[in-house]
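A quick write-up on the structure given underneath.
Nothing in this text is a laboratory measurement; each read-out follows from the coordinates by a stated rule. Quick caveat: nothing in here was measured; it's all calculated off a predicted structure. When we count neighbours, we look across all protein chains shown, and the Cβ atoms used for this are built from the backbone with ideal geometry, even at glycine.
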Amino acid sequence: MRLERRTDTSLALIATAPLAAIALALALGSILIGVAGVNPLGAYVHLIEGSLGSRLAITETLTRATPLILTGLAAAVAFRCKLWNIGGEGQFYVGALMTAWLGHSIVTGLPAPLAIAIIIVAGMFVGALLLAGPAILRLRFGVDEVVTTLLLNFVVILFVGLMIEGPMRDPLAFGWPRSIPVDGDLRLPDLVQRSRLHVGLLIACAAALLVWLVLARTRFGLESRAVGHNAKAAAFAGVALPKTVLGTAFLSGGLAGLAGVVEVLGVTGHVTTTLSPGYGYSGIVVAMLAALHPIGVVAAAVFVAMIFVGADAMARATGVPSFIADVILSVSLLSMLVALLFTTYRIRR
Amino acid sequence: MAETIDILTSASLWAAVLRIATPLIFGVLGALLCERSGVLNLGIEGIMTMGAMVGWLTVYLGADLWTGLLAAALSGAIFGLLHSGLTVSLGLSQHVSGLGITLFAASLSYYLYRLLVEVGDLPPTIEPFQALYIPGLSDLPFVGEVLFQQSAPTYLALLTVVVVAYVLARTPLGLAIRMTGENPHAVDAQGLDPLAIRYGAVMAGSALMAVGGAFLTMAAFNSFFPEMVQGRGWICIALVVFASWRPGKALLGALLFAFFDAFQLRLQTSVEGVPYQLFLMAPYLLSIAALILVARRAQVPEALMTPYRRGER
């Protein structure tokens, strides 16, 4: 038995891959739910109702999907270039921290749209810088960016803790460590009345479209993909390797930083060390389920958000531990890897 | 200054160094074994979590400590099998597969723990490995407290260093593993199966990682809680590079690292006015610094991260 490269891959095959992966993950999830002594079908009904069954459920799911679209894009952009950015979590937090800092002191008094624009640029910039460091270390010294970006996540979250217990501490939070809230004028408007869903969703979708255009239609996009495919061949063909990798790092880190900006301006208004329930890491799952396609990221992010929001509802209704959401998503990541393999290879005996 | 010297000359510091190094020694040896055969295993953080949970749970359910350790090793080997299947047989990206396994193993551990254990206000506990008492030796001043009052898994870790170093450097099996990491084609030409060697090395390595995790719940603490591995797995991945893929240097790296960790912990309590987060950042920043320092002259196994397919170049 051996694997043989397919000569052509139909679009239908690529579109089926995520569905097959998700089906497998749900099947394994149902075994684990069964082990908990709960009827899996009933549990999944709770999951779907909890994530799509009401106006509140839908807006909650989309609110949760918003940062996931952005961290998913961040992972997709980087992985396409084989830049292994596992630091989305840290980049998210520096973006959020920058927002909290600017939003309660520096840009107050400016007209809101201008102030928000400044915050977005600044938040994206610090996110980009945080990934540029590891990218430079890889280019210059050959240090594996997986480990450096990951270790920086721990450093950044400790730094956030330091800031919100120290200089940025909110004195009105009854001793609870969180940052001073951003100015009320700067909060992103709601998209749906009486819900948490905010304009950030549109920003995230616009970002997906923009990233897709950049990757599909510009020279940078082509070069970035070429480097991901075969760095040596790309360099031989005249692609400036450092420039492309660094550009990709800036784009990827900027997107993850933007996720932090949007989450603070849209949802919480302040920063805590629990602002992100692992958006940076879930972004990797989102990107893989989307087969690294920017538009696919939007759909994958909504799916991942559904699982998280729905699993909480399922946990409340049935008592199945909500950790099941992470189990289902990590299995769908692994099975998606295999499914993707079979879109490019077939088995020959 | 005087305080710093007091800390450095206290036996409790150096005893703590050995204790803190133990999970790292297991982890770094496990990662080293995988990488020497040509497979990067980023599943380590999750596999350590799984080992911590399985070892603890086995004892909690009534088995003795050594059975618990064995169960942990087995759980690690199973995830090693999964990682090998995906990366060795199917040739999938070792980066992504490893990350997927970290997410999977960690979330499965938390899920099963919540499911099987009744958790009240305080997490339930087990009777962990105790410090051994060796008549005569343990009573020696300083040396006795540092070297001869450790728990059994710490001695097992030191023994494992010797075994792994010996096997890799001096046995035909070790040669085969090293050659698979450098040039699987040559191994194939010798009539050995590089795929089988990679499976074996990854499973054995993952078992060691899981034992490292189990040390946390079965010797260092006596309960299991989420996020308890706290990046130790990632630090092990950094330490492998620091050690240039050599077991002896891996031990040295783990000890050096543990020294800084134990030292900062004690400094934290004696230095006032410095935010404690700065101390906690130190281990992570130190790992990055170590990576930069040695990256240039690192002797990376030639075939690391390249899947092997017979008849394909």
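So here's what we get for this one:
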{"quantity": "C-alpha center-to-center spacing [region A:1-72, region A:185-241] in angstrom", "calculated": "24 Å"}
{"quantity": "Proxy reagent accessibility, fewest Cβ within 10 Å first, across A:Cys205, B:Cys236", "calculated": "A:Cys205, B:Cys236"}
{"quantity": "Mean-position separation - Cα centroids, region A:282-305 and region B:219-240, in angstrom", "calculated": "29 Å"}
{"quantity": "Over chain A: helical MRE at 222 nm, DSSP H runs n ≥ 4 each giving -39500 (n - 2.57), nearest 500", "calculated": "-24000 deg cm²/dmol"}
{"quantity": "Spatial separation of Cα centroids for region A:313-329 and region B:1-55, in angstrom", "calculated": "32 Å"}
{"quantity": "Total formal charge among the other residues, if their Cβ is under 12 angstrom from that of A:Leu130, Lys/Arg +1 and Asp/Glu -1", "calculated": "-2"}
{"quantity": "DSSP H segments from chain B that extend 18 Å or more along their own axis, Cα-based, with Kyte-Doolittle mean of 1.0 or above", "calculated": "B:11-36, B:44-60, B:65-84, B:152-170, B:194-215, B:276-295"}
{"quantity": "Proximal lysines relative to A:Lys232, as straight alpha-carbon distance under 18 Å, when same-chain residues fewer than 8 apart are discounted", "calculated": "A:Lys82, A:Lys243"}
{"quantity": "Rg followed by Dmax, in Å, when the protein assembly as shown is reduced to its Cα trace", "calculated": "24.9, 77"}
{"quantity": "Value of D in µm² per second that Stokes-Einstein yields for chain A, Kirkwood Rh from Cα pairs, at 25 °C (0.890 mPa s)", "calculated": "117 µm²/s"}
{"quantity": "Region B:236-311 - Rg over Rh from alpha carbon coordinates, Kirkwood radius", "calculated": "1.16"}
{"quantity": "Unit charges at the beta carbon, dipole of the protein assembly as shown: most positive-side option, B:Ala186, A:Gly247, B:Leu61", "calculated": "B:Ala186"}
{"quantity": "Total charge dipole magnitude, region A:185-330, about the Cα centre, Cβ charges on Lys, Arg, Asp, Glu only, Debye to nearest 20", "calculated": "360 debye"}
{"quantity": "Exposed-site-free run, longest, chain B (rule: GluC sites (Glu not before Pro); DSSP loop; at most 15 other C-beta within 10 Å)", "calculated": "B:1-117"}
{"quantity": "Peptide-level mean, for B:225-238, of C-beta atoms on other protein chains within 10 Å", "calculated": "2"}
{"quantity": "Cut-off 11 Å between beta-carbons: net charge of the residues surrounding B:Met179, Lys and Arg +1, Asp and Glu -1", "calculated": "-1"}
{"quantity": "Cβ-placed point charges (K, R +1; D, E -1), dipole of region A:1-126 about Cα centre in debye, nearest 20", "calculated": "320 debye"}
{"quantity": "Gaussian network model of chain B, Cα within-10 Å springs - most flexible of B:Leu168, B:Leu86, B:Leu278", "calculated": "B:Leu278"}
{"quantity": "Order of A:Asp144, A:Asp185 under a 10 Å beta carbon neighbour criterion, fewest first", "calculated": "A:Asp185, A:Asp144"}
{"quantity": "Chain B: most fluctuating residue of B:Gly144, B:Gly68, B:Gly273 per GNM, C-alpha cutoff 10 Å", "calculated": "B:Gly273"}
{"quantity": "Under 10 Å, Cβ to Cβ, from B:Pro301 - net charge with Lys/Arg +1 and Asp/Glu -1", "calculated": "-1"}
{"quantity": "Helix runs (DSSP H) in chain A reaching 27 Å along axis by Cα, Kyte-Doolittle at least 0.0", "calculated": "A:11-35, A:55-80, A:112-141, A:145-165, A:241-263, A:294-318, A:324-344"}
{"quantity": "Region A:122-262: translational diffusion in µm²/s, Stokes-Einstein, Kirkwood Rh over Cα pairs, 4 °C, 1.567 mPa s", "calculated": "73 µm²/s"}
{"quantity": "Chain B: calculated mean residue ellipticity at 222 nm from DSSP helix runs of at least 4, using -39500 (n - 2.57)", "calculated": "-22500 deg cm²/dmol"}
{"quantity": "Interchain or long-range residues, amide H under 5 Å from A:Tyr345's placed H", "calculated": "A:Arg6"}
{"quantity": "Long-range Cα-Cα pairs in region B:1-153 (distance over 28 Å), rounded percent", "calculated": "38 percent"}
{"quantity": "Relative contact order (percent, whole number), chain A, Cα cutoff 8 Å, 6+ residue spacing", "calculated": "38 percent"}
{"quantity": "Calculated log₁₀ intensity ratio I(q)/I(0) where the Debye formula runs over C-alpha points of region A:9-143, q = 0.11 Å⁻¹", "calculated": "-0.70"}
